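These notes concern the structure reproduced below.
Every number here is computed from the coordinates shown, using simple stated rules; none is lab data. The shown structure was predicted, so the numbers you read here are calculated from the model rather than taken from an experiment. Every residue, glycine among them, receives a Cβ derived from its backbone with ideal geometry; neighbour counts consider all protein chains shown.
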Amino acid sequence: MKRILVILLTLALIVVLPGCSKESSKYEPIDGSVKLTDANGKVILDTDLTLQLKSPTAKDAVIKACKENGISYTFKNGMFDNFNGIASTKDAGWILYVDDKVSEVGASDAKLDYWFRVEFKYQNYSETLKY
C-alpha cells in the first residue's frame, strides 16, 4: 500500500510540477535591442534583451529594458511620453521606430519578431511625421 502511494505521489509531481513553471517559458524566446535617443542625439539607453512572451510588443521590450537599466518612464493613455525625465511636449516628443522605420501603430500594438530593433527618438513631430 505504501509503495502504491509513493508511486502515485511521484506521478502526481511529474504531472503537476511542469505546470507550475512560469507561463512565459512556453513561448519561443526572441532577441533584439532597445535604444532611447534624446533630442541632441545623445543615447540614453542602448541594450540587448530577450523576450519570451506569447505575442511580444515594443511596449514589452521597452518596459523590460527600462526596468533592467534603471531608466524612468511614463506610459499613459497607451503611449510612452517621458523617458529619464525628458517629457513630450505639444511640438516634440518620443517617436517610436521598429526595425528602423517609424511605427504606424503604438508600442502596445507593435508586434516584434526575431532580432527586433525598438528605438524611441525625441524629435519634432512636424519634421518627423510628414504625411
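Numbers for the structure displayed
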item: In the stretch 43-66, the residues that are exposed (fewer than 15 other Cβ atoms within 10 Å of the Cβ) and under 21 Å from residue 93 (Cα atoms); result: 43, 46
item: Residue, surrounded by the most Cβ atoms within 10 Å (Cβ to Cβ), within the stretch 27-40, restricted to residues that are assigned to a loop (DSSP other than H, G, I, E, B) and in contact with a strand residue (DSSP E or B) (Cβ under 9 Å, 6 or more places away or on another chain); result: 38
item: Contacts under 8 angstrom Cβ, first residue in the stretch 72-85 being within 14 Å of residue 122 (Cβ to Cβ) and free of Cβ contacts under 8 Å to residues at least 40 places away in the same chain, partner part of a strand (DSSP E or B) and hydroxyl-bearing (Ser, Thr, Tyr), 6 or more apart; result: 81/74; 82/73; 82/74
item: Members of the stretch 85-107 found to be loosely packed, with under 14 Cβ neighbours inside 10 Å, of a type in the set (S, T, N, Q) and within 21 Å of residue 33 (Cα to Cα), listed by number; result: none
